[in-house]
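A quick write-up on the structure given underneath.
The values are calculated or read from the model by the stated rules, or taken from the named source; none is laboratory data. Just so it is clear, the structure is predicted and the values come from calculations on it, not from any experiment. Please note: Cβ atoms are built from the backbone with ideal geometry, for glycine as well, and neighbour counts cover all protein chains shown.
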Amino acid sequence: MKSFFRMSYPYILWIAIFIVAPMVMILLYALSRTGNSTLTFQFTLENFTKFFRDATFMRVLFTSLRIAFLTTVFCLLIGYPAALFIANLSERAQTMMVLLLTLPMWINMLLKTYAWRGILLNFDLESEMKVFIGMVYDFLPYMIIQIHTAIAKMDRELLTASYDLGANKWKTFRRVTLPLSVPGIISGITLVFLPAVSSFVIPKLLGGGDYVLIGNLIEIYFLQAGDWNFGSAISLIMALIIIASMWLTRKLDRSEQEA
Amino acid sequence: MKKLISVLLLLCLVSLPLISLGDANVLNVYNWGEYIDKAVITNFEKEYGVRVNYSLFSSNEEMYTKLLSGASYDVLVPSDYMIERLLKENMLQPLDKSIVNNLDGLYEGVTNLSYDPDNTYSVPYLWQSVGIVYDTTKIDPAKMEEKGWSIFLDPEYDGHTYMYDSERDAFMVAFKALGYSMNTENSEEIQAAYEWLRQMDKAVHPAYVTDEVIDSMANGEKWMALVYSGDGAYILSENEDMGFCAPQDGTNIAVDAMVIPANASNPELANRFIEYVTRYENALMISSEVGYASPLTAVLEELSGEGGDYEGNDAYMPRAGYEKDEMFHDNETLKKQLSELWIKVKLHE
């Protein structure tokens with residue numbers, strides 16, 4: 001056992017260098033004033049107060065949460081019936097369908113988004129609508145696959161038992177299939193909402209210059225404005241939102257399991 | 001056994017990218033996207049028996065960030081104000097003039113500029129101004145010349161306008177329209193320029209775009225757009241209805257120049273590359289391909305002269321020596337301030 005633990009040392013080192021250290025640096029940048037030198041480190045919260053006091057930034061935050069929420073809801077609305085449909089196919093057909101679903105995921109997201117840009121160019125749509133379409137397209141497979149996995153591993157005998165006990169199809173779905181697929185729904189929501197709220201390539205390519213989400217704001221502050229301190233503060237705020245939503249979904253998951 | 005073979009094969013596949021490392025005769029060039037005739041690189045590789053590792057950036061700031069993060073390049077092609085900053089921070093090394101000995105043919109307007117007064121560190125690569133590309137069937141050229149930048153406030157062009165999505169260029173337009181210097185640090189002037197841009201946003205509801213403006217204007221999708229002269233030259237050569245105007249209020253003249261970073265691993269080859277690119281035939285290929293103005297007088301004359309690729313193309317040759325035209329200076333505080341205001345303009349605050 002001990003020797004196995006030793007095998008994880010390189011991994012821990014890896015985490016320390018590539019995950020923990022950058023996080024610490026973001027934290028230090030976010031809590032200090034401009035001037036990249038650590039020698040003149042000055043502790044301040046002004047990056048955060050600036051963000052929360054400014055109506056523009058708050059609106060960007062709100063827009064990001066709104067579009068991520070809408071994307072998640074829509075993915076769930078399309079994804080659930082699709083997953084249910086796939087789970088009811090024969091074994092071979094299921095493998096085929098899952099393969100077809102994952103196939104586009106092998107293509108670089110940038111390429112797919114550029115393709116959408118070409119398609120949407122011909123339609124006179126609001127920026128937000130374009131970004132919404134792009135996000136739903138991109139994240140839908142994650143939702144379907146998660147829910148499908150949950151439904152597929154469900155014991156089929158349960159359905160037979162339910163019918164034997166006199167429940168009709170709808171009641172069986174509501175009382176058996178749906179509750180058992182909740183873990184899949186929850187991980188699906190996590191896998192869609194988190195990348196959607198932090199997405200920046202899709203709004204950048206599909207939304208046009210006046211559609212700014214929080215991910216784009218971070219990019220603007222790091223690459224255009226060259227203000228790493230404020231950029232780090234926004235990154236940290238976004239990280240907190242992500243952690244909060246993960247905590248929420250996990251809590252949901254747990255209370256569901258208890259019930 | 002089968003498993004072992006597949007594992008070995010996988011290992012080979014994964015380690016494939018490592019093979020190209022450790023090659024001494026490699027030149028790392030970092031340039032703007034769509035800014036060269038690829039044949040120039042291939043020819044250089046053949047002539048010197050080396051390999052050129054050619055990477056692309058899309059903004060000076062992106063290049064600078066990459067450089068700060070420790071990446072090593074041999075030749076960079078930043079713009080004037082960025083060279084000013086790199087020099088301030090001792091990040092460049094002087095050119096070896098015994099190798100780069102062909103600078104006599106450079107156009108006067110782009111040599112010995114304030115960021116590098118005697119071209120010790122930099123050789124101009126291409127240069128440009130900023131102007132308005134417009135559809136001459138929709139906007140009368142006389143009106144365009146008369147109104148200059150203030151045409152962006154004319155509600156008549158509501159929904160028919162592209163604005164370049166860059167705080168630097170947009171604020172340049174506003175500063176010049178108001179008669180200020182585009183390097184101003186005066187907070188009242190900055191505020192006035194911000195108000196000017198907000199007014200523009202309300203009057204013409206421009207689409208804020210970057211490089212997609214090139215194809216869109218070549219297809220005549222909108223009536224006017226703020227563009228770099230080199231892109232304007234391309235648009236004009238693709239669509240004969242389009243005209244180009246560099247407003248009398250003054251504009252930005254920008255020079256992109258080749259420099260060698262202090263930490264270059266192959267400075268000798270870098271000098272050879274700079275010399276090679278500055279040769280007449282290569283400069284001609286590059287300028288002809290991308291539409292931006294060449295730094296060589298002979299090339300400028302060839303391309304804009306009779307029978308040249310850009311004969312009669314108003315956008316190709318930027319005007320030089322006009323007193324209201326200016327170059328940008330490196331000013332990080334100002335840039336930060338403008339970026340923030342620019343977000344607010346775009347989000348219609």
note = Checked against (1) within 14 Å of chain B (Cβ to nearest Cβ); (2) within 21 Å of the chain's Cα centre (by Cα); (3) more than 21 Å from A:Ile67 (Cα to Cα), A:Phe230 satisfies every condition except (2)
ask   = Given the structure, is B:Val227 crowded, with 19+ Cβ neighbours inside 10 Å, out of contact with any His (no Cβ under 7 Å at 6 or more places or on another chain), in the same structural domain as B:Glu167 (by TED's automatic domain parsing) and in a helix (DSSP H, G or I)?
value = no
query = Would it be correct to say that A:Pro179 is within 20 Å of A:Tyr142 (Cα to Cα), more than 18 Å from the chain's Cα centre (by Cα) and in a helix (DSSP H, G or I)?
reply = yes
request  = Give the residue that is surrounded by the fewest Cβ atoms within 10 Å (Cβ to Cβ), with candidates limited to residues of segment A:188-209 that are within 14 Å of another protein chain (Cβ to nearest Cβ) and assigned to a helix (DSSP H, G or I).
outcome  = A:Val201
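Which of the residues spanning segment A:216-259 are among the aromatic types (Phe, Trp, Tyr) and surrounded by fewer than 15 Cβ atoms within 10 Å (Cβ to Cβ)?
Restricting attention to segment A:216-259, the residues satisfying the condition of being among the aromatic types (Phe, Trp, Tyr) are A:221-222, A:228, A:230, A:247.
A:Trp247, the sole residue that qualifies.
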request  = Please determine, by comparing only the residues of segment B:152-168 that are modelled with pLDDT of 95 or more and in a helix (DSSP H, G or I), which one is surrounded by the fewest Cβ atoms within 10 Å (Cβ to Cβ).
outcome  = B:Pro155
ask   = Which of the residues that make up segment B:53-100 are more than 27 Å from B:Thr333 (Cα to Cα), hydrophobic (A, V, I, L, M, F, W, C) and surrounded by fewer than 20 Cβ atoms within 10 Å (Cβ to Cβ)?
value = B:Ile99
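Test of understanding: among B:Ser229, B:Ser216, which residue is in contact (Cβ under 8 Å) with a residue 40 or more places away in the chain, within 14 Å of chain A (Cβ to nearest Cβ) and among the small types (Gly, Ala, Ser)?
Result of the check over B:Ser229, B:Ser216: B:Ser216.
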Selection count, segment A:210-230, where residues are touching a residue at least 60 places away in the same chain (Cβ under 8 Å) and assigned to a loop (DSSP other than H, G, I, E, B) = 5
ask   = When A:Ala167 is evaluated against the numbered criteria (1) assigned to a helix (DSSP H, G or I); (2) free of Cβ contacts under 8 Å to residues at least 40 places away in the same chain, which criterion, by number, is the only one it fails?
value = (1)
query = For segment B:184-213, what are the residues that are assigned to a helix (DSSP H, G or I) and within 14 Å of chain A (Cβ to nearest Cβ)?
reply = B:Tyr194, B:Leu197, B:Arg198, B:Met200, B:Asp201, B:Lys202, B:Val204, B:Glu212, B:Val213
key: Which listed residue, of B:Asn112, B:Asn53, B:Asn102, is free of Cβ contacts under 8 Å to residues at least 60 places away in the same chain and in a loop (DSSP other than H, G, I, E, B)   = B:Asn112
task = Counting only residues that are in contact (Cβ under 8 Å) with a residue 12 or more places away in the chain, away from chain A (no Cβ under 14 Å) and polar (S, T, N, Q), give me the helices (runs of 4 or more DSSP H) lying completely in segment B:272-349 with at least 1 of them.
result = B:280-290, B:297-304
ask   = Out of all the residues in segment B:278-330, which are closer than 28 Å to B:Arg85 by Cα, small (Gly, Ala, Ser), more than 14 Å from the chain's Cα centre (by Cα) and at pLDDT below 95?
value = B:Ala320, B:Gly321
All positions within segment A:187-211 that are closer than 12 Å to A:Thr72 by Cβ, under 8 Å from the mean Cα position of the chain (by Cα) and not aromatic (Phe, Trp, Tyr) = A:Ile189, A:Thr190, A:Leu191, A:Val192, A:Leu194, A:Pro195, A:Ala196, A:Val197
